[in-house]
Ligand SMILES: NC(=O)c1ccc[n+]([C@@H]2O[C@H](COP(=O)([O-])OP(=O)(O)OC[C@H]3O[C@@H](n4cnc5c(N)ncnc54)[C@H](O)[C@@H]3O)[C@@H](O)[C@H]2O)c1
(Lines give C-alpha, C1' and ligand atoms only; values in the text may rest on other atoms or scores of the structure.)
Protein backbone atom coordinates (compact mmCIF):
# COMPACT_ATOMS: atom_id res chain seq x y z
CA UNK A 1 0.00 0.00 0.00
CA UNK A 2 1.58 3.27 -1.17
CA UNK A 3 1.02 6.77 0.24
CA UNK A 4 0.38 9.59 -2.26
CA UNK A 5 0.16 13.33 -1.77
CA UNK A 6 -2.41 15.12 -3.95
CA UNK A 7 -2.10 18.90 -4.00
CA UNK A 8 -5.48 20.34 -4.94
CA UNK A 9 -7.11 17.05 -3.90
CA UNK A 10 -10.36 18.75 -2.84
CA UNK A 11 -10.90 20.04 -6.38
CA UNK A 12 -12.75 18.56 -9.34
CA UNK A 13 -9.98 16.40 -10.84
CA UNK A 14 -8.15 15.80 -7.55
CA UNK A 15 -11.21 14.30 -5.88
CA UNK A 16 -11.70 11.81 -8.74
CA UNK A 17 -8.01 10.86 -8.52
CA UNK A 18 -8.30 10.33 -4.75
CA UNK A 19 -11.26 7.96 -5.30
CA UNK A 20 -9.23 5.91 -7.79
CA UNK A 21 -6.20 5.67 -5.48
CA UNK A 22 -8.30 4.65 -2.47
CA UNK A 23 -10.19 2.10 -4.60
CA UNK A 24 -6.94 0.33 -5.46
CA UNK A 25 -5.88 0.27 -1.81
CA UNK A 26 -3.45 3.22 -1.64
CA UNK A 27 -3.43 5.91 1.06
CA UNK A 28 -4.01 9.56 0.22
CA UNK A 29 -2.86 12.81 1.82
CA UNK A 30 -4.34 16.02 0.43
CA UNK A 31 -2.92 19.54 0.57
CA UNK A 32 -5.52 22.14 -0.38
CA UNK A 33 -6.39 25.72 0.61
CA UNK A 34 -10.08 25.14 -0.22
CA UNK A 35 -10.13 28.27 -2.40
CA UNK A 36 -12.13 26.51 -5.14
CA UNK A 37 -12.06 22.95 -3.76
CA UNK A 38 -14.61 21.65 -1.31
CA UNK A 39 -14.04 19.93 2.02
CA UNK A 40 -17.03 17.73 1.13
CA UNK A 41 -15.13 16.41 -1.90
CA UNK A 42 -12.65 14.79 0.49
CA UNK A 43 -13.36 11.08 0.75
CA UNK A 44 -13.29 9.29 4.09
CA UNK A 45 -9.79 7.97 4.70
CA UNK A 46 -7.95 10.93 3.15
CA UNK A 47 -5.89 13.21 5.42
CA UNK A 48 -6.22 16.94 4.76
CA UNK A 49 -3.46 19.49 5.29
CA UNK A 50 -5.18 22.82 4.79
CA UNK A 51 -2.94 25.56 3.41
CA UNK A 52 -1.05 27.10 0.55
CA UNK A 53 0.88 25.04 -2.03
CA UNK A 54 3.40 27.89 -2.27
CA UNK A 55 4.25 27.61 1.46
CA UNK A 56 7.62 25.74 1.49
CA UNK A 57 7.46 24.54 5.13
CA UNK A 58 3.93 23.18 4.73
CA UNK A 59 4.72 21.44 1.43
CA UNK A 60 7.88 19.86 2.92
CA UNK A 61 5.73 18.51 5.76
CA UNK A 62 3.11 17.24 3.28
CA UNK A 63 5.82 15.46 1.28
CA UNK A 64 7.19 13.50 4.28
CA UNK A 65 7.04 9.73 3.77
CA UNK A 66 5.11 9.79 0.49
CA UNK A 67 5.80 7.47 -2.45
CA UNK A 68 4.70 10.02 -5.03
CA UNK A 69 3.07 13.42 -5.43
CA UNK A 70 0.26 14.36 -7.80
CA UNK A 71 0.45 18.14 -8.14
CA UNK A 72 -2.88 19.59 -9.23
CA UNK A 73 -3.28 22.69 -7.02
CA UNK A 74 -3.56 25.80 -9.18
CA UNK A 75 -5.75 28.79 -9.85
CA UNK A 76 -7.31 27.09 -12.86
CA UNK A 77 -8.66 30.21 -14.54
CA UNK A 78 -7.36 32.10 -17.54
CA UNK A 79 -9.63 35.05 -16.62
CA UNK A 80 -8.23 35.36 -13.08
CA UNK A 81 -4.74 35.35 -14.54
CA UNK A 82 -5.67 38.43 -16.57
CA UNK A 83 -6.88 40.28 -13.48
CA UNK A 84 -4.30 39.10 -10.92
CA UNK A 85 -1.21 38.26 -12.94
CA UNK A 86 1.28 38.21 -10.06
CA UNK A 87 -1.04 36.52 -7.57
CA UNK A 88 -1.86 33.64 -9.94
CA UNK A 89 1.82 33.35 -10.95
CA UNK A 90 2.78 32.91 -7.29
CA UNK A 91 0.47 29.88 -7.05
CA UNK A 92 0.65 28.45 -10.58
CA UNK A 93 4.42 28.58 -11.10
CA UNK A 94 5.60 29.31 -7.53
CA UNK A 95 3.48 26.39 -6.23
CA UNK A 96 5.02 24.00 -8.76
CA UNK A 97 8.57 25.05 -7.86
CA UNK A 98 7.72 24.67 -4.17
CA UNK A 99 6.50 21.11 -4.82
CA UNK A 100 9.54 20.18 -6.94
CA UNK A 101 11.88 21.67 -4.33
CA UNK A 102 10.20 19.67 -1.53
CA UNK A 103 10.48 16.52 -3.70
CA UNK A 104 14.28 16.96 -4.00
CA UNK A 105 15.34 15.46 -0.69
CA UNK A 106 13.64 12.09 -1.28
CA UNK A 107 13.62 12.25 -5.09
CA UNK A 108 9.88 11.81 -4.85
CA UNK A 109 8.25 11.32 -8.29
CA UNK A 110 5.86 14.12 -9.26
CA UNK A 111 3.02 13.78 -11.82
CA UNK A 112 1.60 17.24 -12.40
CA UNK A 113 -1.17 19.04 -14.27
CA UNK A 114 -0.01 21.06 -17.22
CA UNK A 115 -2.52 22.29 -19.80
CA UNK A 116 -3.32 22.56 -23.50
CA UNK A 117 -3.09 26.32 -22.77
CA UNK A 118 0.69 25.96 -23.29
CA UNK A 119 0.01 25.61 -27.04
CA UNK A 120 -1.90 28.84 -27.69
CA UNK A 121 -3.06 29.16 -31.31
CA UNK A 122 -1.60 26.43 -33.54
CA UNK A 123 -1.90 26.13 -37.31
CA UNK A 124 -1.75 22.33 -37.43
CA UNK A 125 -4.44 20.04 -36.03
CA UNK A 126 -4.40 17.72 -34.22
CA UNK A 127 -1.81 19.25 -31.90
CA UNK A 128 1.07 16.92 -31.07
CA UNK A 129 3.55 17.28 -28.21
CA UNK A 130 6.13 18.33 -30.82
CA UNK A 131 4.27 21.60 -31.55
CA UNK A 132 6.17 24.71 -30.45
CA UNK A 133 4.32 26.08 -27.38
CA UNK A 134 3.06 29.66 -27.75
CA UNK A 135 0.89 30.39 -24.71
CA UNK A 136 -1.56 33.29 -25.04
CA UNK A 137 -2.31 33.68 -21.33
CA UNK A 138 -0.34 34.04 -18.12
CA UNK A 139 -2.02 30.79 -17.03
CA UNK A 140 -0.58 28.97 -20.08
CA UNK A 141 2.81 30.64 -19.58
CA UNK A 142 2.93 29.46 -15.95
CA UNK A 143 2.03 25.90 -17.00
CA UNK A 144 4.84 26.00 -19.58
CA UNK A 145 7.14 27.40 -16.89
CA UNK A 146 6.14 24.48 -14.66
CA UNK A 147 7.25 22.06 -17.39
CA UNK A 148 10.58 23.87 -17.74
CA UNK A 149 11.21 23.78 -13.99
CA UNK A 150 10.28 20.07 -13.92
CA UNK A 151 12.97 19.55 -16.56
CA UNK A 152 15.50 21.39 -14.35
CA UNK A 153 14.36 19.40 -11.30
CA UNK A 154 15.11 16.18 -13.19
CA UNK A 155 18.37 17.20 -14.84
CA UNK A 156 19.91 19.04 -11.89
CA UNK A 157 18.29 17.56 -8.78
CA UNK A 158 17.30 14.05 -9.91
CA UNK A 159 13.55 14.55 -9.33
CA UNK A 160 11.51 12.23 -11.62
CA UNK A 161 8.42 13.89 -13.08
CA UNK A 162 5.76 13.67 -15.76
CA UNK A 163 3.67 16.58 -17.07
CA UNK A 164 0.15 16.06 -18.38
CA UNK A 165 -1.29 18.61 -20.77
CA UNK A 166 -5.01 18.31 -20.10
CA UNK A 167 -7.36 19.60 -22.80
CA UNK A 168 -10.96 20.56 -21.75
CA UNK A 169 -11.76 18.24 -18.86
CA UNK A 170 -15.36 17.53 -17.86
CA UNK A 171 -17.29 15.29 -15.51
CA UNK A 172 -19.34 15.15 -12.32
CA UNK A 173 -18.25 17.50 -9.47
CA UNK A 174 -17.24 20.35 -11.79
CA UNK A 175 -19.12 23.27 -10.27
CA UNK A 176 -21.49 24.70 -12.94
CA UNK A 177 -22.05 27.84 -10.86
CA UNK A 178 -18.44 28.95 -11.04
CA UNK A 179 -17.76 31.51 -13.79
CA UNK A 180 -14.43 29.74 -14.28
CA UNK A 181 -16.04 26.37 -14.87
CA UNK A 182 -15.75 24.60 -18.18
CA UNK A 183 -18.35 25.17 -20.88
CA UNK A 184 -19.78 21.67 -20.39
CA UNK A 185 -20.64 22.10 -16.74
CA UNK A 186 -22.14 25.54 -17.46
CA UNK A 187 -24.26 24.22 -20.38
CA UNK A 188 -25.35 21.14 -18.40
CA UNK A 189 -26.21 23.22 -15.33
CA UNK A 190 -28.29 25.70 -17.33
CA UNK A 191 -30.05 23.24 -19.65
CA UNK A 192 -30.84 20.82 -16.81
CA UNK A 193 -32.51 23.81 -15.09
CA UNK A 194 -34.43 24.72 -18.30
CA UNK A 195 -32.43 27.92 -18.85
CA UNK A 196 -30.98 29.30 -22.13
CA UNK A 197 -27.25 29.07 -22.92
CA UNK A 198 -25.12 31.77 -24.50
CA UNK A 199 -22.55 30.93 -27.16
CA UNK A 200 -19.84 33.50 -27.78
CA UNK A 201 -19.50 34.05 -31.53
CA UNK A 202 -20.83 31.63 -34.16
CA UNK A 203 -20.23 28.48 -32.09
CA UNK A 204 -18.06 26.88 -34.75
CA UNK A 205 -14.95 27.06 -32.56
CA UNK A 206 -13.81 23.52 -31.69
CA UNK A 207 -12.47 21.99 -28.49
CA UNK A 208 -11.31 18.57 -27.32
CA UNK A 209 -13.51 17.53 -24.39
CA UNK A 210 -11.89 14.84 -22.31
CA UNK A 211 -13.80 12.89 -19.63
CA UNK A 212 -12.34 13.07 -16.14
CA UNK A 213 -11.93 9.26 -15.98
CA UNK A 214 -9.42 9.51 -18.85
CA UNK A 215 -7.56 12.24 -16.96
CA UNK A 216 -7.34 10.06 -13.85
CA UNK A 217 -5.99 7.16 -15.95
CA UNK A 218 -3.42 9.55 -17.45
CA UNK A 219 -2.31 10.75 -14.00
CA UNK A 220 -1.84 7.17 -12.78
CA UNK A 221 0.07 6.33 -15.99
CA UNK A 222 2.05 9.56 -15.61
CA UNK A 223 3.18 8.53 -12.13
CA UNK A 224 4.48 5.23 -13.58
CA UNK A 225 6.17 7.09 -16.46
CA UNK A 226 7.80 9.77 -14.26
CA UNK A 227 11.50 10.07 -14.97
CA UNK A 228 14.36 12.57 -14.72
CA UNK A 229 13.84 13.26 -18.44
CA UNK A 230 10.60 15.03 -17.38
CA UNK A 231 8.35 13.83 -20.25
CA UNK A 232 5.10 15.66 -21.12
CA UNK A 233 1.98 14.16 -22.71
CA UNK A 234 -1.29 15.36 -24.19
CA UNK A 235 -4.39 14.20 -22.38
CA UNK A 236 -7.10 14.49 -25.02
CA UNK A 237 -9.45 12.45 -27.18
CA UNK A 238 -8.36 13.58 -30.66
CA UNK A 239 -12.04 14.33 -31.41
CA UNK A 240 -12.89 17.97 -32.19
CA UNK A 241 -16.36 19.14 -31.10
CA UNK A 242 -17.77 22.52 -32.06
CA UNK A 243 -19.47 24.49 -29.29
CA UNK A 244 -22.71 24.38 -31.34
CA UNK A 245 -22.57 20.58 -31.58
CA UNK A 246 -21.78 20.45 -27.88
CA UNK A 247 -24.91 22.48 -27.08
CA UNK A 248 -27.01 20.02 -29.12
CA UNK A 249 -25.39 17.04 -27.37
CA UNK A 250 -25.97 18.55 -23.92
CA UNK A 251 -29.61 19.24 -24.82
CA UNK A 252 -30.01 15.60 -25.88
CA UNK A 253 -28.44 14.41 -22.59
CA UNK A 254 -30.86 16.65 -20.67
CA UNK A 255 -33.83 15.63 -22.82
CA UNK A 256 -34.70 19.25 -23.69
CA UNK A 257 -34.89 21.37 -26.85
CA UNK A 258 -31.84 23.68 -26.79
CA UNK A 259 -32.46 27.41 -26.23
CA UNK A 260 -29.27 28.91 -27.70
CA UNK A 261 -28.45 32.65 -27.69
CA UNK A 262 -25.40 34.12 -29.40
CA UNK A 263 -23.24 36.75 -27.70
CA UNK A 264 -20.29 38.70 -29.12
CA UNK A 265 -17.16 36.64 -29.80
CA UNK A 266 -14.55 36.64 -27.02
CA UNK A 267 -11.48 38.70 -27.89
CA UNK A 268 -8.48 36.49 -28.65
CA UNK A 269 -10.42 33.24 -28.38
CA UNK A 270 -8.68 30.29 -30.04
CA UNK A 271 -10.66 29.03 -33.05
CA UNK A 272 -9.58 25.43 -33.23
CA UNK A 273 -8.00 23.20 -30.61
CA UNK A 274 -7.84 19.46 -30.46
CA UNK A 275 -4.99 17.20 -29.53
CA UNK A 276 -3.32 14.04 -30.77
CA UNK A 277 -3.60 11.30 -28.11
CA UNK A 278 -1.27 8.80 -29.88
CA UNK A 279 1.79 9.36 -27.69
CA UNK A 280 -0.07 9.18 -24.37
CA UNK A 281 -2.02 6.12 -25.55
CA UNK A 282 1.26 4.40 -26.36
CA UNK A 283 3.43 5.55 -23.45
CA UNK A 284 0.83 5.77 -20.67
CA UNK A 285 -1.20 2.76 -21.78
CA UNK A 286 -4.44 4.73 -22.18
CA UNK A 287 -7.43 3.22 -23.99
CA UNK A 288 -9.86 5.25 -26.10
CA UNK A 289 -11.77 7.84 -24.06
CA UNK A 290 -15.43 7.34 -23.21
CA UNK A 291 -17.77 8.80 -25.91
CA UNK A 292 -18.89 12.39 -25.28
CA UNK A 293 -22.63 11.56 -25.10
CA UNK A 294 -22.03 8.95 -22.39
CA UNK A 295 -19.92 11.37 -20.31
CA UNK A 296 -22.57 14.08 -20.68
CA UNK A 297 -25.28 11.74 -19.40
CA UNK A 298 -23.15 11.12 -16.27
CA UNK A 299 -22.82 14.87 -15.62
CA UNK A 300 -26.56 15.42 -16.04
CA UNK A 301 -27.36 12.46 -13.77
CA UNK A 302 -25.02 13.87 -11.12
CA UNK A 303 -26.57 17.33 -11.37
CA UNK A 304 -30.06 15.88 -11.01
CA UNK A 305 -29.03 13.70 -8.06
CA UNK A 306 -27.90 16.48 -5.75
CA UNK A 307 -26.39 19.88 -5.15
CA UNK A 308 -23.13 20.31 -7.09
CA UNK A 309 -21.70 22.80 -4.63
CA UNK A 310 -22.15 20.31 -1.81
CA UNK A 311 -20.45 17.60 -3.88
CA UNK A 312 -23.00 15.20 -2.47
CA UNK A 313 -23.28 12.52 -5.10
CA UNK A 314 -20.38 10.47 -6.19
N1 LIG B 1 -10.43 21.36 -15.63
C2 LIG B 1 -9.77 21.50 -16.77
O3 LIG B 1 -10.36 21.52 -17.87
C4 LIG B 1 -8.27 21.64 -16.77
C5 LIG B 1 -7.61 21.77 -18.00
C6 LIG B 1 -6.22 21.90 -18.01
C7 LIG B 1 -5.51 21.87 -16.83
N8 LIG B 1 -6.18 21.76 -15.64
C9 LIG B 1 -5.37 21.75 -14.40
O10 LIG B 1 -5.75 20.64 -13.61
C11 LIG B 1 -5.59 20.98 -12.23
C12 LIG B 1 -6.86 20.69 -11.46
O13 LIG B 1 -7.91 21.50 -12.01
P14 LIG B 1 -9.45 21.35 -11.59
O15 LIG B 1 -10.24 21.50 -12.85
O16 LIG B 1 -9.64 20.17 -10.74
O17 LIG B 1 -9.65 22.71 -10.77
P18 LIG B 1 -10.18 22.93 -9.28
O19 LIG B 1 -10.25 24.42 -9.09
O20 LIG B 1 -11.42 22.13 -9.03
O21 LIG B 1 -9.00 22.31 -8.40
C22 LIG B 1 -7.87 23.04 -7.99
C23 LIG B 1 -7.67 22.77 -6.52
O24 LIG B 1 -6.49 23.49 -6.09
C25 LIG B 1 -6.78 24.15 -4.86
N26 LIG B 1 -5.90 25.32 -4.76
C27 LIG B 1 -5.94 26.46 -5.49
N28 LIG B 1 -4.97 27.31 -5.08
C29 LIG B 1 -4.31 26.68 -4.07
C30 LIG B 1 -3.23 27.06 -3.23
N31 LIG B 1 -2.63 28.25 -3.34
N32 LIG B 1 -2.81 26.17 -2.30
C33 LIG B 1 -3.42 24.95 -2.16
N34 LIG B 1 -4.46 24.55 -2.91
C35 LIG B 1 -4.90 25.41 -3.86
C36 LIG B 1 -8.26 24.51 -4.96
O37 LIG B 1 -8.87 24.75 -3.69
C38 LIG B 1 -8.83 23.27 -5.66
O39 LIG B 1 -9.19 22.28 -4.73
C40 LIG B 1 -5.13 22.42 -12.18
O41 LIG B 1 -3.73 22.46 -12.10
C42 LIG B 1 -5.58 22.96 -13.53
O43 LIG B 1 -4.80 24.07 -13.94
C44 LIG B 1 -7.53 21.64 -15.58
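The values are calculated or read from the model by the stated rules, or taken from the named source; none is laboratory data. No experiment lies behind these values; they were computed from the predicted model shown. In this analysis, Cβ positions are derived from the backbone assuming ideal geometry, glycine residues included, and neighbour counts consider all displayed protein chains.
Find the residue count for the stretch 56-87, including only residues that are closer than 28 Å to residue 136 by Cα and out of contact with any strand residue (DSSP E or B) (no Cβ under 7 Å at 6 or more places or on another chain). Qualifying residue count for the region: 13.
Can you spot a residue in the stretch 62-72 that is within 14 Å of the ligand (Cβ to nearest atom) and farther than 30 Å from residue 19 by Cβ? No, that holds for no residue.
In the stretch 43-55, of all residues being at pLDDT 95 or above, in contact with a strand residue (DSSP E or B) (Cβ under 8 Å, 6 or more places away or on another chain) and over 10 Å from residue 5 (Cβ atoms), the one that is nearest to the ligand (Cβ to nearest atom) corresponds to 53. Applying the set (1) touching a residue at least 40 places away in the same chain (Cβ under 8 Å); (2) in a helix (DSSP H, G or I); (3) outside the structural domain of residue 84 (by TED's automatic domain parsing) to residue 145 leaves exactly one unmet item: (3). The one condition from (1) farther than 30 Å from residue 20 by Cβ; (2) out of contact with any helix residue (DSSP H, G or I) (no Cβ under 7 Å at 6 or more places or on another chain) that residue 210 does not meet is (1). Exactly one residue among 172, 135 is part of a loop (DSSP other than H, G, I, E, B) and surrounded by 21 or more Cβ atoms within 10 Å (Cβ to Cβ), and that residue is 172. Quick check on residue 275: is it within 29 Å of residue 67 (Cβ to Cβ), touching a residue at least 24 places away in the same chain (Cβ under 8 Å) and in contact with a helix residue (DSSP H, G or I) (Cβ under 7 Å, 6 or more places away or on another chain)? Here the answer is no, as residue 275 does not meet what is asked.
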